[in-house]
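Engineer: So that we are looking at the same thing, I have put the structure below in structure tokens.
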Amino acid sequence: MHGSVREQVPLAPYMHLRIGGPAEWFVEPFAEADVAMVVTACRDLDLPLRVLGGGSNVVVADAGVPGVVMHLASLNRMVRDGQRLTAGAGVTLPTLLRNTKEVGLAGLERLTGIPAMVGGAVAMNAGTRDGETFDLLTSLTVVEPDGRIAVWGRDRFRQQYRDGGLAGAVALQATFELTPDDPAAIFARFSASLKKRNQSQPVSQRSVGCVFRNPSGDAAGRLIEQAGLKGTRQGGIEVSGLHANYFVNDGTGTAAAFVQLLQDVRAAVRSRFGVELEPEVKFWGG
Ligand SMILES: Cc1cc2nc3c(=O)[nH]c(=O)nc-3n(C[C@H](O)[C@H](O)[C@H](O)COP(=O)(O)OP(=O)(O)OC[C@H]3O[C@@H](n4cnc5c(N)ncnc54)[C@H](O)[C@@H]3O)c2cc1C
């Protein structure tokens, strides 16, 4: 395999929340075929394998993660073919959006402000009120759990709300069908979304975005706020005063404190409204 394999690598620097112990093995494959080799090797050696994108939706346990964490930052190529744009799983959404804006291809503004990599955005079907990642996806190249590389078309997509339906496959690259538009108009929409987000969400603080999925017909943030929980704290983790579905780390937080706060908030919302909030954030290790 081309790439790097390191032992006991601290994960906190890779995580948006800046929390988490080490990965037992941290693997950074160089190219698509190397990703397939890692998937096959982990299966043969019976090693747990986790794929890390931008680390913006994961809380890693303080004690770290057993097995392999595979980071796909090397898959960072972008290729344009007319209105179609193919991006590697390791391309960050901000980079992707900047590029589509510059070449006058519209559509991805709906993902403005999401600090994901393309692979993570696909795995989570990341989205906003304006739309989701899968809206514009025409094909997806993946490594399936048996180690084979496959190209999935729309007929194979199984996405749901905040779930790309990858069923254990690793996303390698995604092709989006976009619409030609004036770069200035795209930029204006992008700026307006960013402004709105900056006013309503604690974007400059360490968080994992929305902690809970929105229950059907309601917003988790509204329920948490109505339960009077803004500003509630466990250690260095606090329910944001700006957006109650965000928990922010003041720099001293731990995964244990995050989990405790999540349980406190869940219990309070359950007792006040009878609603069971389901976490959107993923937990690794612990
Ligand atoms: C400030 C902030 C704002 C946010 N705003 C939004 C928002 O508006 N809308 C929204 O939907 N989310 C939002 N999020 C949450 C987060 O950005 C999304 O869930 C995003 O899709 C996660 O992408 P990532 O690359 O960071 O993935 P990670 O957090 O690294 O991983 C998330 C999951 O995806 C899996 N994964 C990652 N890459 C791959 C791959 N190549 N193949 C298979 N599985 C993979 C991981 O194993 C994990 O299960 C926000 C987060 C933050 C911190």
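The values are calculated or read from the model by the stated rules, or taken from the named source; none is laboratory data. Keep in mind that what you see is a predicted model, and the values were worked out from it rather than measured. Cβ atoms come from the backbone with ideal geometry, glycine included; neighbour counts cover every protein chain shown. Surface accessibility is based on the protein's heavy atoms, side chains included, excluding ligands, DNA and RNA. Shrake-Rupley method; radii C 1.70, N 1.55, O 1.52, S 1.80 Å.
Engineer: Just checking, how many residues over the stretch 18-51 are of a type in the set (A, V, I, L, M), part of a loop (DSSP other than H, G, I, E, B) and more than 20 Å from VAL118 (Cβ to Cβ)?
Structural biologist: Residues meeting the conditions: 2.
Engineer: I'm told ARG233 meets every condition in (1) among the basic types (Lys, Arg); (2) open to solvent by 70 Å² or more (accessible area, probe 1.4 Å); (3) within 11 Å of the ligand (Cβ to nearest atom) except one. Can you identify the failing condition by its number?
Structural biologist: It is condition (3) that ARG233 fails.
Engineer: If you don't mind, another one. For the stretch 217-259, how many residues are assigned to a loop (DSSP other than H, G, I, E, B) and within 29 Å of GLY64 (Cβ to Cβ)?
Structural biologist: Step one: list which residues in the stretch 217-259 are assigned to a loop (DSSP other than H, G, I, E, B), which gives 217-219, 227-232, 235-236, 240-245, 250-254.
Still in the list and also within 29 Å of GLY64 (Cβ to Cβ): 232, 235-236, 240, 245, 250-254.
Of the residues in the stretch 217-259, 10 are assigned to a loop (DSSP other than H, G, I, E, B) and within 29 Å of GLY64 (Cβ to Cβ).
Engineer: Would a scan of the stretch 124-137 turn up a residue that is of a type in the set (A, V, I, L, M, F, W, C), within 14 Å of the ligand (Cβ to nearest atom) and within 20 Å of ALA36 (Cα to Cα)?
Structural biologist: Among the residues of the stretch 124-137, not one is of a type in the set (A, V, I, L, M, F, W, C), within 14 Å of the ligand (Cβ to nearest atom) and within 20 Å of ALA36 (Cα to Cα), which makes the answer no.
Engineer: From LEU140, LEU85, LEU166, LEU93, grab the single residue that is away from the ligand (no atom under 12 Å from the Cβ), open to solvent by less than 30 Å² (accessible area, probe 1.4 Å) and in contact (Cβ under 8 Å) with a residue 24 or more places away in the chain.
Structural biologist: LEU85
Engineer: Still on this structure, please answer the following. Assess whether GLY209 counts as being surrounded by 15 or more Cβ atoms within 10 Å (Cβ to Cβ), in contact (Cβ under 8 Å) with a residue 12 or more places away in the chain and not assigned by TED's automatic domain parsing to the domain that holds ASP34.
Structural biologist: Judged against the criteria, GLY209 is a match.
Engineer: Output the residue which, of all residues in the stretch 143-163 that are assigned to a strand (DSSP E or B) and more than 27 Å from VAL27 (Cβ to Cβ), is most open to solvent (accessible area, probe 1.4 Å).
Structural biologist: GLN160
Engineer: Related question: Would you confirm, using the coordinates I've provided, whether GLY286 is assigned to a loop (DSSP other than H, G, I, E, B) and within 19 Å of VAL58 (Cα to Cα)?
Structural biologist: In short, yes.
To keep it simple, each residue is scored yes or no on (1) touching a residue at least 60 places away in the same chain (Cβ under 8 Å); (2) crowded, with 20+ Cβ neighbours inside 10 Å; (3) under 28 Å from PRO94 (Cα atoms).
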{"residue": "HIS2", "(1), (2), (3)": "no, no, yes"}
{"residue": "ARG43", "(1), (2), (3)": "yes, no, no"}
{"residue": "GLY54", "(1), (2), (3)": "yes, yes, yes"}
{"residue": "GLY64", "(1), (2), (3)": "yes, yes, no"}
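Engineer: Among the residues of the stretch 6-27, are any open to solvent by less than 60 Å² (accessible area, probe 1.4 Å), touching a Pro at 6+ places or on another chain (Cβ under 7 Å) and among the hydrophobic types (A, V, I, L, M, F, W, C)?
Structural biologist: The answer is yes, given that some residue of the stretch 6-27 is open to solvent by less than 60 Å² (accessible area, probe 1.4 Å), touching a Pro at 6+ places or on another chain (Cβ under 7 Å) and among the hydrophobic types (A, V, I, L, M, F, W, C).
Engineer: Moving on to the next point. One residue is enough: does the stretch 245-262 have a residue meeting the conditions of a type in the set (A, V, I, L, M), open to solvent by less than 40 Å² (accessible area, probe 1.4 Å) and over 20 Å from the mean Cα position of the chain (by Cα)? Let's see the steps before the verdict.
Structural biologist: Start the filter on the stretch 245-262 by keeping residues that are of a type in the set (A, V, I, L, M), which leaves 248, 255-257, 259, 261-262.
Narrowing the set further to residues that are open to solvent by less than 40 Å² (accessible area, probe 1.4 Å) leaves 248, 255, 257, 261-262.
After this cut, where a residue has to be over 20 Å from the mean Cα position of the chain (by Cα) as well, the list is 257, 261.
Yes.
Engineer: Which count do you get for residues in the stretch 263-286 that are open to solvent by 80 Å² or more (accessible area, probe 1.4 Å) and closer than 30 Å to VAL68 by Cβ?
Structural biologist: Number satisfying all stated conditions: 5.
Engineer: Name the residues in the stretch 142-185 that are β-branched (Val, Ile, Thr) and closer than 25 Å to ARG43 by Cα, would you?
Structural biologist: Listed by number, the residues that qualify are VAL142, VAL143, ILE149, VAL151, VAL170.
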